[in-house]
Amino acid sequence: MSRDLVYRALAERPGEYLSGQELSRTLGISRAAVWKAVEGLRRQGYGIEARNGCGYRLTDPGDRLDRCSVAACLAVPRDNWQVLDEVDSTNTVCRRLASDGAPDGTVVIADCQTAGRGRRGRSFSSPGGMGLYLSILWRPDCPPQSLLPLTALIAVAVCRAVERTGGVSPAIKWPNDLVLCGRKLGGILTELSLEGETGHVDCVIAGIGLNCRQRVEDFPPELSDMAISLDMALPVRVRRAALAAALMEELDTLRTDVLGDPGRWLADYRARCLTVGRRVQILRDGHHIEADAVAVDDRCGLVIRRDDGTEEILRAGEVSVRGLYGYV
Ligand code: BTN
C-alpha cells in the first residue's frame with residue numbers, strides 16, 4: 001500500500017523532486033517506509049531518481065501494468081479491482097470470483113492471458129506486455145433480453161476510454177468490434193450466467209481486449225492484415241495503466257447510466273457504428289446473404305434490408321462489412 005501512495009505522490013508531480021521528509025509527512029508513513037517503497041517500485045521497473053538534498057523524482061513511469069500504476073491514474077479510488085501478471089482468461093477468473101460471491105463491479109485486469117477467449121469459441125491473442133485485458137462483473141437485476149443493448153454499449157465505453165487517453169476515436173463494427181484505421185483494435189466478449197428457476201440474470205461478465213504495444217509482426221499471421229495496435233496508429237504511446245483506469249471509469253458510468261437513461265449512449269453508439277450504410281454479408285445455415293445495413297434500432301439491433309426490399313433486425317451474431325477486414 002505504501003508503494004501505491006509513494007508512486008501516486010511522485011506521479012502527480014512529474015519532474016519534481018519530493019523529499020523523503022515531505023513524502024513521509026504528507027502520506028503519514030515513516031521515512032524508512034518511503035525508502036522501502038521506492039526500492040520496491042524500482043524493482044518493479046519504475047525509474048526513480050534519488051538526489052541528495054532534493055529527494056525523489058519519477059523519471060520513468062514505464063508501461064508496467066500493475067495495481068500501483070493503475071491506482072495512480074484513477075480520478076477517484078475504487079473498490080473491488082485487481083491487476084494480475086498472468087491468468088488463463090480474465091473472463092474465467094471473473095467467473096470464478098462470481099461463484100465465490102464477488103460483488104457487482106468487480107474488475108480483473110491482466111498483463112498477459114495464456115488462454116484468452118474471443119467470440120464464437122475463437123482464441124484471443126494476449127501476449128504479455130502488449131495489450132490490455134480487462135473483465136468486469138455486473139449483477140444487474142433484470143431479464144436477459146434487457147441486456148442486449150448493454151453488450152453493444154460497452155463498445156462505446158471502450159471508445160470513450162481510448163479517446164480520453166489517446167485522443168483518437170475508434171469506430172464500432174456492429175455489434176462491438178473496436179475499429180481504428182479500418183483494422184481491428186480490439187474486441188469484447190460478454191458472457192451471461194442465468195438463474196435456473198427464474199431465468200433472471202445471475203451475472204454478466206464483459207471482457208475487453210485491446211491491442212496496445214504490438215507491431216505488425218507481433219500478431220499471428222492470420223491477423224496481421226486486419227489487426228492494429230495503438231502504437232501502430234498513434235504518434236504517442238498510451239500507457240496501459242492510464243487506459244485501464246479510464247476504462248474502469250467509463251464502464252462504471254455506463255453501468256449507472258444504462259439502468260437510468262441509456263439514450264445518450266445509444267446516440268453515441270449510432271454515431272460510431274460504421275456498419276450502417278454499408279453492404280454486409282451474413283452467414284446463415286451455410287449460405288451467405290447479402291444486404292444493406294440501414295439502421296441501429298433502440299435495442300442496438302442491426303436493421304438490414306435485403307435486395308428484395310424486406311427488412312430484418314439482427315439481435316446477435318456477426319456480419320462481414322464490405323471494405324473491412326478483407327471483404328471486398
Ligand atoms: C472478440 O473479438 O472475439 C472478443 C475478444 C475478447 C477478448 C477479451 S480479453 C479480456 C477478456 N478475457 C478473455 O478471455 N476474452 C476477453
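Taken together, the values in this text are just the output of simple stated rules run on the coordinates, not laboratory data. The shown structure was predicted, so the numbers you read here are calculated from the model rather than taken from an experiment. Ideal geometry is used to build each Cβ from the backbone, glycine not excepted, and the neighbour counts take in all protein chains shown.
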Using only Cα positions of the stretch 110-150, each an equal point scatterer, no hydration layer, compute I(q)/I(0) via Debye at q = 0.19, 0.21, 0.31 Å⁻¹ and quote the log10 values to two decimals. -0.73, -0.79, -1.03
Cleavage-rule hits, trypsin sites (Lys or Arg not before Pro), the stretch 1-91, DSSP coil, Cβ neighbours within 10 Å at most 16: 78
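Counting each pair of different Cα atoms once, what's the Kirkwood radius of the stretch 52-168 in Å, rounded to one decimal?
One over the average 1/r among Cα pairs gives 16.4 Å for the stretch 52-168.
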Spatial separation of Cα centroids for the stretch 208-228 and the stretch 1-45, in angstrom: 36 Å
Mind pulling the angle between the C-alpha long axis of helix 148-166 and the longest principal axis of the chain? Nearest 10 degrees, somewhere in 0 to 90. 40 degrees
Calculate the translational D of the chain in whole µm² s⁻¹ from Stokes-Einstein, where the hydrodynamic radius comes from the Kirkwood formula applied to all Cα pairs, the temperature is 25 °C and the viscosity 0.890 mPa s. 115 µm²/s
Translational D (Stokes-Einstein, µm²/s) of the stretch 216-312 at 20 °C and 1.002 mPa s when Rh comes from the Kirkwood sum over C-alpha pairs? 126 µm²/s
So if I take the centroid of the Cα atoms in the stretch 274-324 and the same for the stretch 139-187, what is the distance between those two points in Å? 18 Å
So residue 50 and residue 290, fully extended at 0.36 nm per residue minus their Cα-Cα distance, gain in nm 80.0 nm
What is the stretch 2-60's relative contact order, in percent, from Cα pairs under 8 angstrom and six or more apart in sequence? 41 percent
Report the extension gain between residue 88 and residue 59 in nm, rounded to one decimal, defined as 0.36 nm multiplied by the number of residues separating them, less their alpha carbon distance. 7.1 nm
Quick one: if you stick a label point 7 Å off each Cα along the C-beta vector at residue 100 and residue 119, how many nm between them? 3.1 nm
Of all DSSP beta bridges with both partners in the chain, the antiparallel percent, nearest 5, is 85 percent
What residue among 102, 155, 71 has the largest mean-square fluctuation in a Gaussian network model of the chain, using Cα springs under 10 Å? 102
Restricting the stretch 173-275 to trypsin sites (Lys or Arg not before Pro) in coil, as DSSP defines it, with at most 11 other Cβ within 10 Å: 215
Give me the mean projected area, in nm² to one decimal, of the convex hull enclosing the Cα positions of the stretch 2-60. 3.3 nm²
